[in-house]
Amino acid sequence: MKKSLLIVLVLIVVGVLWIFSGYNSLVTLNEGADAQWAKVETQYQRRFDLIPNLVNSVKAVLTQEQTVFGEIADARARYSSATSADAKAAAASQVESSLGRLIAIVENYPQLASAQNVRDLMTELEGTENRVSVERTRFNDEIRAYNTAIKRFPTMILAALAGFHERAYFEAASGAAQAPQVNF
């Protein structure tokens, strides 16, 4: 009798420890994904801080390309008002599309491409785009680890009971793989 009570007690202690450990692991993975998304947003903010300088430098020479400038301003406003990671990712994709058109414009105007301030801004922007890409990849890696953890048995039971849900990966906007079209 004493032996079976001891076995039951040990099983209960092991079960409780497993629950605490599993829950803490899920919290850690979830927080890691949130922290990585914050790094993506930091790079987005860097991009948004550079864009007005580039736009103003280009605007001085190209008054006929007002549509692109309006699209960039609209996308920046959407990003600022977005409240979820998905909405911010969608707004950032819109910025990328407009920015691609602006970069194509700069490359097609030799007098712009040779201007030192435009070249410097383009270099900064290219570096930022690379950083954004790296941070997005890291974000998706964090999401993969989290999603895998909440789908594995028996942790999936704990995840369901504790309210952990699958999180969305960052995905490029549809049409992002195509080069922007610029017609003069």
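With neighbours defined as other Cβ atoms within 10 Å of a residue's Cβ, the residues Asp49, Asp74 order from fewest to most as Asp49, Asp74. The Leu17 and Thr42 beta-carbon pair, evaluated with R₀ = 30 Å, returns a calculated FRET efficiency of approximately 0.20.
The stretch between Ala82 and Arg152 holds 22.0 nm of extra length on full extension. This uses 0.36 nm per residue minus the Cα-Cα distance.
Residues in segment 80-85 carry Karplus couplings, in order, of 4, 8, 5, 10, 10, 4 Hz; the curve used is 6.51 cos²θ - 1.76 cosθ + 1.60 with θ = phi - 60°, and Gly or Pro positions show x.
At 7 Å along the Cα-to-beta-carbon direction for both Glu126 and Glu171, put a label point, then send me their distance in nm to one decimal. It works out to 3.1 nm between the two label points. Extension gain, Leu9 to Ala35, is 5.5 nm, computed as 0.36 nm per intervening residue step minus the present C-alpha separation.
Bear in mind these aren't lab numbers, they're just calculated from the coordinates by the rules spelled out. Quick caveat, the model's predicted, so the values are computed rather than measured. FYI the Cβ positions are ideal-geometry reconstructions off the backbone, even for glycines, and counts take in every protein chain you see.
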